[in-house]
Every structure is written in C-alpha cells, then in structure tokens.
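The values are calculated or read from the model by the stated rules, or taken from the named source; none is laboratory data. Keep in mind that this is a model prediction, so the values were computed, not measured. Cβ atoms come from the backbone with ideal geometry, glycine included; neighbour counts cover every protein chain shown.
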Amino acid sequence: MMNQNSTRFLEAFVMIEAYVASLSSAGKGVPFVAQVDNLRLTDQTVQAYAEDLKAFARLRNVIVHERGGGQVLAEPNDWAVERICHVRDMLVQPPTVAIFAINNVLTIRSDDHLGAASRIMYEHHYSQLPVYGDTGYVGLLTIRNITYWLGAQNATKLDLTQVRVAAVLDHTEPADTALFVAPDASLVVALNVFTTHSRRGNPVDAILISADGTAASTLLGIIALADLPAIAERLRLSQES
C-alpha cells in the first residue's frame with residue numbers, strides 16, 4: 001500500500017509523462033527517457049529540467065515495478081515530491097516574463113540631455129535605460145556606454161546638460177544590446193537569452209518586454225542582469241541543467 005508521498009509523486013509523474021508525450025513526435029512505445037533526450041534538443045524548458053525528468057523516471061520505475069509482496073521498496077521523501085511537483089508546474093504552466101511587465105517603464109528620449117538620464121539612473125538605481133526617439137526605440141543607454149563615452153572625451157570640464165543621449169549611443173562601441181520579447185515568453189527562454197549570448201561573446205544587457213515582442217509596440221517591462229538571481233530562484237533549476 002502506497003502512502004501519500006508515493007501517490008503524489010506518481011500523480012505528478014503521470015501529468016509530466018502526458019505533457020512530454022504531447023510534445024514528442026515519437027511513436028507509441030518510445031521510452032520516456034528517450035522522449036526527453038529528443039525533446040531537450042528543441043525545447044528549452046525540457047532541456048532545463050531534463051536531468052530531473054530522467055531521475056523521476058528511474059524512481060517511478062522503482063515505485064511501480066519493483067515491489068516486494070505488494071509493498072513499495074523505495075518511498076519518495078518530501079524533497080522528491082516537492083521537486084517533481086515544482087518541475088510539473090514549470091513544464092505544464094511555465095512562468096512567463098509577464099511578471100516583469102509593469103506598464104510604466106522609465107525611458108529616456110534620444111534628444112534629452114545626458115544629465116537628465118544620469119539623474120534618473122542614479123535616483124532609481126538603474127544600470128540601463130531604454131532610449132526612444134521620433135521613430136521609436138533607438139537603443140539602450142547603460143552605465144557602461146556612458147563610462148566609455150566619458151573616457152573618450154578630452155575636455156577637462158563637461159556640461160552634461162549640453163550632451164544629448166543620442167551622442168553617447170552613436171559614439172559607443174560596441175553598442176549595448178537589448179532584445180525584445182512578448183509577455184508570454186517563458187522565464188526559461190529569457191534566462192537562456194542571457195546565458196547563450198554571453199557564451200557566444202555577444203552578451204545581452206537587457207530583455208525588453210513589449211506588447212507583441214517587437215520594438216515597434218508598447219514597452220511593458222524590462223529584465224536586467226540584476227534580475228537573473230531572482231529568475232533562477234523562481235525556476236529552481238538543478239545544477240545539471
């Protein structure tokens with residue numbers, strides 16, 4: 001007879017198994033682990049939790065198939081049950097970047113002066129500001145590109161009220177980078193945007209959330225590098241992923 005932990009574990013695994021099968025193009029009879037290994041190549045969320053999923057499958061097999069006298073030989077502990085329920089939720093109802101959509105994102109205009117931009121960044125403890133002009137989004141003003149611009153100046157005294165934000169963006173090389181996503185993009189995908197671009201040597205400074213995922217639509221939120229620890233905590237990714 002199974003106790004509550006076994007029951008909860010198996011119920012969660014059944015939901016995960018059904019979800020993985022709904023994504024997989026493999027025919028019936030393909031083992032769960034093989035489906036996971038195939039899907040992890042194309043599905044970022046499955047990839048993030050692939051090692052967990054395979055461990056769950058091994059434990060499920062022990063619970064279901066390796067019984068002695070009808071008794072469960074391996075009973076999931078509380079941590080295992082909590083973990084599989086978390087992974088189930090991350091797969092079936094993955095959290096999205098919409099939690100960072102606040103609808104009143106501070107921005108700066110390209111024709112505003114650098115002094116105003118610097119003051120906003122200082123007062124709000126921001127490391128970057130999206131910049132908009134007459135034609136829409138034009139770039140990302142960051143502490144780094146302000147520093148690069150300042151270092152390139154020969155003047156002993158600078159009046160930042162006489163310097164336009166556009167001048168800093170035009171001068172900066174390499175340009176600081178932001179990518180746009182829609183509110184329904186998953187947090188796993190957002191986290192991978194930062195990590196994969198960093199590995200390729202072209203890091204992203206921010207993810208900008210807009211109504212339709214393009215620079216042309218309304219800006220709803222921003223995810224900065226400083227937000228990554230909170231995202232990782234929310235996702236609770238395993239070390240193997």
Between ASN192, ASN202, which is of a type in the set (S, T, N, Q), surrounded by fewer than 20 Cβ atoms within 10 Å (Cβ to Cβ) and within 24 Å of ILE146 (Cα to Cα)?
ASN202
Hey, does region 223-236 have a residue that's in contact with a helix residue (DSSP H, G or I) (Cβ under 7 Å, 6 or more places away or on another chain), at pLDDT 90 or above, among the β-branched types (Val, Ile, Thr) and within 13 Å of PHE100 (Cα to Cα)?
yes
Would you pick out the residues in region 100-119 that are part of a helix (DSSP H, G or I), in contact with a strand residue (DSSP E or B) (Cβ under 8 Å, 6 or more places away or on another chain) and surrounded by 16 or more Cβ atoms within 10 Å (Cβ to Cβ)?
PHE100, LEU114, ALA117
Matching residues in region 120-146 (surrounded by fewer than 20 Cβ atoms within 10 Å (Cβ to Cβ), polar (S, T, N, Q) and in a helix (DSSP H, G or I)) number 0
Return the pairs, sorted by first residue and then second, in which the second residue is at pLDDT 65 or above and exposed (fewer than 13 other Cβ atoms within 10 Å of the Cβ), the first residue lies in region 46-73 and is on the phi < 0 side of the Ramachandran plot, the beta carbons are less than 9 Å apart, and the residues are 6+ apart or on different chains.
GLN47/LEU41; ALA57/PRO31; VAL62/LEU73; ILE63/LEU73; GLU66/LEU73; ARG67/LEU73; VAL72/ASN3
Sort out which residues of region 109-153 are closer than 23 Å to ALA226 by Cα, modelled with pLDDT of 90 or more and of a type in the set (Lys, Arg), and write them in order of number.
ARG119
Tally up the residues in region 195-241 that are under 24 Å from ARG88 (Cα atoms) and either among the aromatic types (Phe, Trp, Tyr) or part of a helix (DSSP H, G or I) (or both), please.
10
Count of region 213-241 residues which are in contact (Cβ under 8 Å) with a residue 24 or more places away in the chain and either in the same structural domain as ASP89 (by TED's automatic domain parsing) or more than 20 Å from GLY133 (Cβ to Cβ) (or both):
17
